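Engineer: Would you mind keeping the following structure in view while I ask a few things?
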Amino acid sequence: MTSSQQRAALHRQIWAIANDVRGAVDGWDFKQYVLGALFYRFISENFSAYIEADDDSVCYAEFPDDSEILELIKEDAIKTKGYFIYPSQLFSNVAASANTNDSLNTDLADIFTQIEASASGYPSEQDIKGLFADFDTTSNRLGNTVKDKNTRLAAVLKGVAGLDFGGDMFGEGGRSHIDLFGDAYEFLISNYAANAGKSGGEFFTPQHVSKLIAQLAMHKQTSVNKIFDPACGSGSLLLQAKKHFDHHIIEDGFFGQEINHTTYNLARMNMFLHNINYDKFNIQLGNTLTAPHFGDDKPFDAIVSNPPYSVKWVGSDDPTLINDERFAPAGVLAPKSKADFAFVLHALSYLSARGRAAIVCFPGIFYRGGAEKKIRKYLVDNNYVESVISVAPNLFFGTTIAVTILVLSKHKTDTTTQFIDASGLFKKGTNTNLLTDEHIQQIMDVFDSKENIDYLARSVPLQELAENDYNLSVSSYVEPEDTREKIDIVKLNAELKTTVEKIDQLRQEIDAIVQEIEGTTNKGESA
């Protein structure tokens with residue numbers, strides 16, 4: 001079986017499990033248990049592999065919890081992995097007895113509490129704290145009785161235990177083993193997002209779009225100090241950067257902020273499941289616009305973001321914000337009813353002099369007046385706008401609109417702004433449209449060349465943008481191709497003349513026939 005076939009089979013299996021074990025529980029409500037169980041299995045196997053150090057004679061799952069050696073290695077293990085799991089707490093041991101454990105729900109709650117507590121006082125404390133908060137083993141969503149809860153929990157654990165990821169974590173096939181774990185987690189999140197309606201798009205950016213955004217942000221950079229997503233959702237954009245580039249060139253890791261607590265936990269789990277150690281990522285909880293983190297960590301060489309579209313924010317109701325270093329240079333705040341440009345200015349403030357930011361934006365911000373026009377003027381006059389790219393409709397979960405990608409740079413070599421109309425580049429999908437690798441490469445080739453291409457791309461000088469009232473809508477600069485059939489007027493007129501002559505001739509013939517019939521009739525009546 002090829003790797004792609006293995007992935008496809010694994011995905012079918014894991015989605016079947018996710019649907020089978022939830023019973024009557026809504027899939028969206030139940031996602032935390034399947035995702036949490038997958039995460040629990042991963043960190044258990046990852047920790048065991050670390051302890052066993054590829055020594056076939058060592059089986060950590062068989063160690064007694066009170067073994068003296070555990071106390072000797074515990075501190076170093078926490079410093080290295082970020083947490084500690086005793087043998088009895090390992091996923092494999094808990095899953096093995098799940099069907100006969102009458103206190104499974106409380107045992108799991110205790111295990112999760114102890115895993116999180118193991119990091120207390122260590123550098124990893126904030127990265128581990130609350131990771132299992134949404135894996136509520138006492139929730140009535142699992143059932144009304146303890147027995148019902150345990151039955152469903154056991155089914156989840158058994159289902160996840162039955163997944164074949166192939167190889168050992170750090171032994172033969174280890175790399176693909178880890179990749180499949182992360183890939184399965186992303187697959188689950190993607191499917192949950194696809195079935196979640198509007199809210200799905202708020203925490204997950206489809207991989208094909210993430211790939212384009214990551215490539216735009218990291219284009220021609222052989223290394224970046226670190227990568228940042230100020231509205232990171234489940235972390236899919238950050239992880240796409242890792243997939244696209246060898247992780248060694250992202251020197252100081254992955255940074256993100258997320259306002260939703262559940263999604264914040266998903267993002268941290270996602271980092272672990274893609275084998276990014278706690279000391280290589282920093283995901284923080286909070287409102288990026290009003291309580292930003294990472295002020296001491298900026299600037300960032302690469303910023304990727306798909307912030308919420310046109311959400312409300314405090315804006316001018318907080319008089320201190322106009323003096324905030326992120327917003328003050330523009331001289332105006334984004335409208336209270338539309339925070340889009342607040343996210344853009346936030347990203348720009350965190351961007352390094354050598355870096356790029358690629359941000360998914362609602363298209364209305366590129367042509368509306370008022371404060372948004374003033375912010376566009378600030379961005380253009382300071383030569384920060386490298387490219388504006390309109391993409392196809394229905395690429396994202398929860399919205400069918402055709403969004404626009406804004407690429408910001410602080411190291412442009414000229415004062416032109418590139419506009420790309422990529423709205424025709426997509427493959428029709430079942431529920432959403434897709435960007436294929438060929439589409440992404442075509443966009444990147446155009447982005448790289450900055451050449452003017454009829455109906456596709458145009459680089460516009462600053463003066464023209466100013467004369468056009470700082471309108472940054474792609475359709476204002478890239479003329480759409482007229483796909484209507486071209487008509488030869490001379491030829492058409494000749495054909496019409498011939499047709500008219502034929503019609504006249506037919507009328508004359510018909511008139512003659514009518515006259516002949518009427519003449520015959522009149523003679524008959526006279527007789």
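Engineer: I need the calculated FRET efficiency for the pair Lys374 and Ile249, taking r as the beta carbon distance and R₀ as 30 Å, to the nearest 0.05.
Structural biologist: Efficiency computed from Cβ-Cβ geometry: 0.20.
Engineer: Next up: Under a point spin-label approximation (7 Å from Cα along Cα-to-Cβ), what is the His219-Asp76 distance to one decimal in nm?
Structural biologist: With each label point 7 Å from Cα toward Cβ, the separation is 4.8 nm.
Engineer: I've got another one for you. Could you do me a favour and compute the accessible area per residue for the stretch 223-377, 1.4 Å probe, result in Å²?
Structural biologist: Per residue, the stretch 223-377 has 34 Å² of solvent-accessible surface.
Engineer: Additional query: Please give, to one decimal in nm, the separation of the simple spin-label points placed at Lys428 and Lys129, each 7 Å out from Cα toward the Cβ.
Structural biologist: Taking the simple label geometry, Lys428 and Lys129 are separated by 5.2 nm.
Engineer: Moving on to the next point. Listed highest first by mean packing, meaning other Cβ atoms within 10 Å per residue, what order do 371-384, 268-281, 32-45 come in? If you can, show how the numbers build up before the last one.
Structural biologist: Values: 371-384: 18.6, 268-281: 21.8, 32-45: 23.7.
By packing density, highest mean first, the sequence is 32-45, 268-281, 371-384.
Engineer: Here's a follow-up. Full-extension gain between Glu438 and Asn493, please, as 0.36 nm times their residue separation minus the C-alpha to C-alpha distance.
Structural biologist: Full-extension gain reported as 15.4 nm.
Engineer: Using the structure shown, select from Lys298/Lys410; Lys338/Lys374; Lys374/Lys450 the pairs with a Cα to Cα distance greater than 23 angstrom.
Structural biologist: Long pairs (Cα-Cα over 23 Å): Lys374/Lys450.
Engineer: Still on this model: If packing is taken as the average number of other Cβ atoms within 10 Å across a peptide's residues, how do 66-76, 11-21 rank, most packed first?
Structural biologist: Working: 66-76: 10.9, 11-21: 16.5.
Most protected by this proxy first, the peptides run 11-21, 66-76.
Engineer: Something else about it: Evaluate 2.2 N^0.38 Å with N set to the residue count of the stretch 290-358, then give the Cα radius of gyration divided by it.
Structural biologist: Computed over Cα atoms of the stretch 290-358, the ratio equals 1.09.
Engineer: Taking a ≥ b ≥ c as the square roots of the Cα gyration tensor eigenvalues, with a/c under 1.5 meaning rounded and otherwise prolate when a/b beats b/c, else oblate, which class fits the stretch 40-137?
Structural biologist: oblate
Engineer: May I ask you to give the solvent-accessible area per residue for the stretch 393-527, in square angstrom, as obtained with a 1.4 angstrom probe?
Structural biologist: 67
Engineer: Straight-line reach from Lys486: which aspartates and glutamates fall under 18 Å, measuring Cα to Cα and dropping same-chain residues less than 8 apart?
Structural biologist: Asp454, Glu495
Engineer: With a cut-off of 19 Å, note down the residues of the stretch 293-334 whose backbone N falls inside the zone around a label point 7 Å from the Cα of Asp381 toward its beta carbon.
Structural biologist: Answer for the stretch 293-334: 322-334.
Engineer: A follow-up question, please. Along Cα→Cβ, 7 Å out, is where each label goes; now give me the distance between the ones at Asp29 and Ala328 in nm to one decimal.
Structural biologist: Label-label distance for Asp29 and Ala328, simple model: 4.9 nm.
Engineer: Kindly provide the trypsin sites (Lys or Arg not before Pro) of the stretch 312-359 that DSSP labels as loop, not H, G, I, E or B, and whose Cβ sees at most 12 other Cβ atoms within 10 Å.
Structural biologist: Lys312
Engineer: Pairs of Cα atoms under 8 Å, at least six residues apart: use those to get the relative contact order of the chain, whole percent.
Structural biologist: So the answer I get is 10 percent.
Engineer: What are the GluC sites (Glu not before Pro) within the stretch 461-517 that DSSP puts in a loop, where the Cβ has at most 11 other Cβ atoms within 10 Å?
Structural biologist: Passing sites in the stretch 461-517 are Glu481, Glu485.
Engineer: Compute the acute angle (0 to 90°) between the alpha-carbon long axis of helix 146-161 and the principal axis of greatest extent of the alpha-carbon atoms of the chain; round to the nearest 10°.
Structural biologist: The angle comes out at about 80 degrees.
Engineer: Of the accessible area of the stretch 103-172, with the probe set at 1.4 angstrom, what percent is carbon plus sulfur?
Structural biologist: Values: 1530 of 3250 Å².
Taking all protein chains in place, the stretch 103-172 shows 47 percent carbon and sulfur surface.
Engineer: Under Stokes-Einstein, with the Kirkwood radius over Cα pairs standing in for Rh, what whole-number D in µm²/s applies to the stretch 323-375 at 20 °C and 1.002 mPa s?
Structural biologist: On the way: Rh = 11.7 Å.
Stokes-Einstein gives a translational diffusion coefficient of 184 µm²/s.
Engineer: Enumerate by residue number the trypsin sites (Lys or Arg not before Pro) in the stretch 448-505 meeting two conditions: DSSP loop (anything except H, G, I, E, B), and at most 13 other Cβ atoms within 10 Å of the site's Cβ. Display every interim value, and only then the final one.
Structural biologist: On the way: sites: Lys450, Arg458, Arg484, Lys486, Lys491, Lys497, Lys502; in loops: Lys450, Arg484, Lys486.
Sparse-neighbourhood loop trypsin sites (Lys or Arg not before Pro): Arg484, Lys486.
Engineer: Let me ask something else. To the nearest 20 debye, what charge dipole does the chain have about its Cα centre, counting +1 at the Cβ of each Lys and Arg and -1 at the Cβ of each Asp and Glu?
Structural biologist: With only Lys, Arg, Asp and Glu charged at Cβ, the dipole is about 1060 debye.
Engineer: Taking +1 at the Cβ of each Lys and Arg and -1 at the Cβ of each Asp and Glu, which of Ser210, Asn105, Val460 sits farthest along the dipole of the chain towards its positive end, judged by Cα position relative to the Cα centre?
Structural biologist: In the chain, that residue is Val460.
Engineer: Please give the Cα centre distance for the stretch 371-420 versus the stretch 29-67, rounded to the nearest Å.
Structural biologist: Between the Cα centre of the stretch 371-420 and that of the stretch 29-67, the gap is 45 Å.
Engineer: Hey, what number do you get for the chain at 222 nm if only DSSP H runs of n ≥ 4 count, each worth -39500 (n - 2.57), divided across all residues, to the nearest 500?
Structural biologist: So the helix-based figure for the chain works out to -14500 deg cm²/dmol.
Engineer: Short version: what are the Cα gyration tensor semi-axes of the chain, square root of 5 times each eigenvalue, largest first, in whole Å?
Structural biologist: The answer is 57, 34, 21 Å, longest axis first.
The values are calculated or read from the model by the stated rules, or taken from the named source; none is laboratory data. Source: prediction; values computed, not measured. Don't worry about glycine lacking a Cβ; one is built from the backbone with ideal geometry, like all the others, and counts go over all protein chains shown. Heads up: the accessible areas ignore ligands, DNA and RNA and are worked out on the full protein's heavy atoms, side chains in. Shrake-Rupley method; radii C 1.70, N 1.55, O 1.52, S 1.80 Å.
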